[in-house]
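Just dropping this structure here.
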Amino acid sequence: MGMTMTQKILAAHAGLDSVKAGQLIRAKLDMVLGNDVTTPVAIKEFNTNGFKNVFDKDKISIVLDHFTPNKDIKSAEHCKFCRDFANDKEITNFYDVGTMGVEHALLPEKGLVAPGEAIIGADSHTCTYGAVGAFSTGVGSTDMAAGMASGEAWFKVPSALKFNLTGKPGKWISGKDIILHIIGMIGVDGALYKSMEFTGDGLKYLSMDDRLSMANMAIEAGGKNGIFEVDDITLDYLKDKVDRPFTVYTADEDAEYEQVFDIDLSQIKMTVAFPHLPENTRTIDEVGEVKIDQCVIGSCTNGRLEDLQKAAEVMKGKKVAKHVRTLIIPATQKIYRQAMNEGLFDIFMDAGCVISTPTCGPCLGGHMGILAKGERAIATTNRNFVGRMGHPESEVYLASPAVAAASAIKGYICSPEEI
C-alpha cells in the first residue's frame, strides 16, 4: 500500500522506508516553535530535566505574540523569561516587539518552514505550515522542551482524509469560507488525529493566503495536521523566502485514505460559524439579522495582506456602524508596512477602524478587544468557544475578512454584496 504526503514526510524523518497509520515513530525535527504563553512552561521543563543546550539554535523559533506588547506584569515576566533563555541559548529565530508578528504568519513569511519538513509547535495552530507542503502539528510545552533538547519527537502516524477540490470559487469566496464549509460538513471531531490532505484542480484558484488560512483551521476539525499538495503557486511563494534544499512529497496513487471528499469550490457560499463551535456553520443567506458590537479582522487565520486588501475593498468610502468597534490587526510588521504603503490604513481609518500592532490579542481573550457580557463579535479568527474573547456570556461569530468588513459597516452580519 502506498503512502500519503504526511506519511512520506514522517517516514523520511524517522529514517524508514515506509510507515503506516497507527505506527509509533521517532522523527527528527526541522523546527520547534513556541510563543510567550507556552515557552515559559517548556523552559521550566527544559531546566528541570537538566538539559544544558538546545539541539540546534537555528531550528528553534520563539515568538512573543500572544500578550504582547505586554498587557500586565505577569505577561511581562513571561516575556522576560523567554528573552533571557533565548539570549542565553543564542536562539537565532527569536522575535520580540518590533520584529515579531503573529507566529503562524511570521514563520512562513521568514522562510522558516518549507515543503517536506517536520515541524512541531507549542500552539495548536502550528498545523498552518501544511500550506507549504510541510508536516506541522501542535504539541504540549513538555514536548516542546524535549524537542528543543533532542531535535526529535514521538508521533503516532495519522490516517488520512483526502479533500479533492475542483471548480473555481466565486468573487467573495476565500479559504476561510472553504474551511468553515468543510468543518461544518465533517464536524469538529471529523478529522480527529487524522491528516487532512488537500489536492485537486481547484488548488490553482487558491492563493497562498487562502491555503494558510485553511491549513490553520485543520485543528478545528480535530486534525493532526492539514497539508496541501505543492504546486507552482507554492514554489513561487517560496522562491524569495527559502534558499535551503527541500523535498516535495506527493501522495502515491494507491495511498490509503479513510474517506475522500469531492468539493466543488464553485458551489461554496460565504459561510459564518455561529457560537459556540466552528462546526456550527450557516451560509450567509441562512444567517438572519445578527447585530454585532465588535469586528476583529486579523489573527493567524486571516491577518495577511490579501485579507486586509479584501476588507479594504469592502470598506472603501464607507463608515463602520457607530455601535461597532472595528479592530484591524496586521499579522506581521511586513504586512503592516505593506498595508500602510498601499493606502489600506487610510481606508480603514476613514471608515472609523482602529489599527493595532501585530498581536494575537483579542483572538484568545488576551487583550486589545475583550468582550463584555452579552456582546457579540464577528471575527476572522479561528475559534468561537464559550468565553473565547472575554465574558462567558459573550458570543463570537467566525467569518471571512470580506463578510466581517461588510458586517462592521451594516452593524449586523451580512454579505459584502449588501453594501
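Any residue in the stretch 164-176 that is at positive phi sitting within a Cβ distance under 8 Å of a residue that is open to solvent by less than 20 Å² (accessible area, probe 1.4 Å)? List the pairs, counting only those 6 or more apart or interchain.
So the pair list comes out as 167/202; 167/265.
For the stretch 125-154, name all the residues that are assigned to a strand (DSSP E or B) and either surrounded by 24 or more Cβ atoms within 10 Å (Cβ to Cβ) or polar (S, T, N, Q) (or both).
135, 136, 137
Right, next: Here are 260, 296: which of them is part of a strand (DSSP E or B), of a type in the set (A, V, I, L, M) and under 21 Å from residue 196 (Cβ atoms)? Spell out how you get there, then give the answer.
Values: 296 fails: under 21 Å from residue 196 (Cβ atoms).
The conditions single out 260.
Among the residues of the stretch 347-359, is any touching a Ser or Thr at 6+ places or on another chain (Cβ under 9 Å) and surrounded by fewer than 16 Cβ atoms within 10 Å (Cβ to Cβ)?
In the first step, residues of the stretch 347-359 are kept if they are touching a Ser or Thr at 6+ places or on another chain (Cβ under 9 Å); the result is 348, 351-354, 357-359.
From what is left, the residues that are surrounded by fewer than 16 Cβ atoms within 10 Å (Cβ to Cβ) are 354.
Checked against the condition, which is being touching a Ser or Thr at 6+ places or on another chain (Cβ under 9 Å) and surrounded by fewer than 16 Cβ atoms within 10 Å (Cβ to Cβ), the stretch 347-359 yields at least one hit.
For the stretch 242-279, which positions are open to solvent by 50 Å² or more (accessible area, probe 1.4 Å) and over 23 Å from residue 165 (Cβ atoms)?
243, 244, 245, 246, 247, 276, 277, listed by residue number.
Can you tell me which residue is most open to solvent (accessible area, probe 1.4 Å) among those in the stretch 1-37 that are touching a His at 6+ places or on another chain (Cβ under 7 Å) and of a type in the set (A, V, I, L, M, F, W, C)? Talk me through it step by step, then tell me what you get.
First pass over the stretch 1-37, keeping only residues touching a His at 6+ places or on another chain (Cβ under 7 Å): 27-28, 35-37.
Subset that is of a type in the set (A, V, I, L, M, F, W, C): 27, 37.
On the way: 27: 0, 37: 58 Å².
Out of the qualifying residues, it is 37.
If we keep just the residues of the stretch 85-113 that are closer than 20 Å to residue 127 by Cβ and among the β-branched types (Val, Ile, Thr), which is farthest from the chain's Cα centre (by Cα)?
That would be 113.
Step by step: first the residues of the stretch 194-206, then only those that are in a strand (DSSP E or B) and open to solvent by 10 Å² or more (accessible area, probe 1.4 Å), then the one that is nearest to residue 165 (Cα to Cα). Which residue is that?
If we filter the stretch 194-206 for residues that are in a strand (DSSP E or B), which is where we start, we get 194-199.
Right, trim to open to solvent by 10 Å² or more (accessible area, probe 1.4 Å) and you get 194, 199.
Working: 194: 18, 199: 6 Å.
Going through the qualifying residues, I end up with 199.
When residues of the stretch 41-80 are filtered for being more than 21 Å from residue 119 (Cβ to Cβ) and either within 25 Å of the chain's Cα centre (by Cα) or crowded, with 19+ Cβ neighbours inside 10 Å (or both), how many remain?
Of the residues in the stretch 41-80, the ones more than 21 Å from residue 119 (Cβ to Cβ) are 44, 47-50, 52, 67-80.
Now restrict to residues that are either within 25 Å of the chain's Cα centre (by Cα) or crowded, with 19+ Cβ neighbours inside 10 Å (or both): 67-71, 75-76, 78-79.
The number of residues fulfilling the criteria is 9.
If you don't mind, another one. Out of all the residues in the stretch 207-236, which are open to solvent by 40 Å² or more (accessible area, probe 1.4 Å), in contact (Cβ under 8 Å) with a residue 60 or more places away in the chain and farther than 15 Å from residue 176 by Cα?
Within the stretch 207-236, just 229 meets the criteria.
Something else about it: Can you tell me which residue in the stretch 112-124 is surrounded by the fewest Cβ atoms within 10 Å (Cβ to Cβ), limited to those that are part of a loop (DSSP other than H, G, I, E, B) and in contact with a helix residue (DSSP H, G or I) (Cβ under 7 Å, 6 or more places away or on another chain)? If you could, list the steps in order and put the result at the bottom.
Taking the stretch 112-124 first, the residues part of a loop (DSSP other than H, G, I, E, B) are 112-117, 122-123.
Filter once more, keeping what is in contact with a helix residue (DSSP H, G or I) (Cβ under 7 Å, 6 or more places away or on another chain): 113-116, 122-123.
Values: 113: 29, 114: 25, 115: 23, 116: 20, 122: 25, 123: 26.
In this case the residue turns out to be 116.
Within the stretch 9-40, track down each residue that is within 21 Å of the chain's Cα centre (by Cα) and not in a helix (DSSP H, G or I). Spell out how you get there, then give the answer.
Let us first name the residues in the stretch 9-40 that are within 21 Å of the chain's Cα centre (by Cα), namely 9, 29-39.
Answer for the stretch 9-40, where residues must be within 21 Å of the chain's Cα centre (by Cα) and not in a helix (DSSP H, G or I): 29, 30, 31, 32, 33, 34, 35, 36, 37, 38.
Which residues, counting only those in the stretch 307-337, are in a helix (DSSP H, G or I), out of contact with any Ser or Thr (no Cβ under 9 Å at 6 or more places or on another chain) and not β-branched (Val, Ile, Thr)? Before you say what the answer is, go through the steps one by one.
We begin by selecting, within the stretch 307-337, every residue in a helix (DSSP H, G or I); these are 307-315, 333-337.
Among the residues that remain, those that are also out of contact with any Ser or Thr (no Cβ under 9 Å at 6 or more places or on another chain) are: 308-309, 312-314, 334-335, 337.
Once the filter is applied, which keeps residues that are in a helix (DSSP H, G or I), out of contact with any Ser or Thr (no Cβ under 9 Å at 6 or more places or on another chain) and not β-branched (Val, Ile, Thr), the stretch 307-337 yields 308, 309, 312, 313, 334, 337.
Now, a different point. Quick test for you: out of 377, 402, pick the one residue that is closer than 27 Å to residue 106 by Cα and touching a Lys or Arg at 6+ places or on another chain (Cβ under 6 Å).
Working: 377 fails: touching a Lys or Arg at 6+ places or on another chain (Cβ under 6 Å).
402 is the lone residue from the list that is closer than 27 Å to residue 106 by Cα and touching a Lys or Arg at 6+ places or on another chain (Cβ under 6 Å).
Considering only residues that are closer than 19 Å to residue 171 by Cβ and not polar (S, T, N, Q), which ones fall in the stretch 394-407? Before the answer, list the steps.
Restricting attention to the stretch 394-407, the residues satisfying the condition of being closer than 19 Å to residue 171 by Cβ are 399-407.
399, 401, 402, 403, 404, 405, 406 - these are the residues of the stretch 394-407 that are closer than 19 Å to residue 171 by Cβ and not polar (S, T, N, Q).
Moving on to the next point. So residue 184 fits all but one of (1) closer than 29 Å to residue 267 by Cβ; (2) open to solvent by 10 Å² or more (accessible area, probe 1.4 Å); (3) in contact with a Leu (Cβ under 9 Å, 6 or more places away or on another chain); what number is the exception?
Failing condition for residue 184: (3).
Do we have any residue at all in the stretch 302-309 that's of a type in the set (Lys, Arg), buried (at least 16 other Cβ atoms within 10 Å of the Cβ) and in contact (Cβ under 8 Å) with a residue 24 or more places away in the chain? Outline the logic, then answer.
Taking the stretch 302-309 and keeping what is of a type in the set (Lys, Arg), we get 304.
Still in the running and buried (at least 16 other Cβ atoms within 10 Å of the Cβ): 304.
Remaining after also requiring in contact (Cβ under 8 Å) with a residue 24 or more places away in the chain: 304.
Among the residues of the stretch 302-309, at least one is of a type in the set (Lys, Arg), buried (at least 16 other Cβ atoms within 10 Å of the Cβ) and in contact (Cβ under 8 Å) with a residue 24 or more places away in the chain, which makes the answer yes.
The values are calculated or read from the model by the stated rules, or taken from the named source; none is laboratory data. Just so it is clear, the model here is predicted, and its values are computed rather than measured. Cβ coordinates were reconstructed from backbone atoms using ideal geometry, including for glycine residues, and neighbour counts include every protein chain displayed. Calculation scope for accessible area: heavy atoms of the full protein, side chains included, ligands and nucleic acids excluded. Shrake-Rupley method; radii C 1.70, N 1.55, O 1.52, S 1.80 Å.
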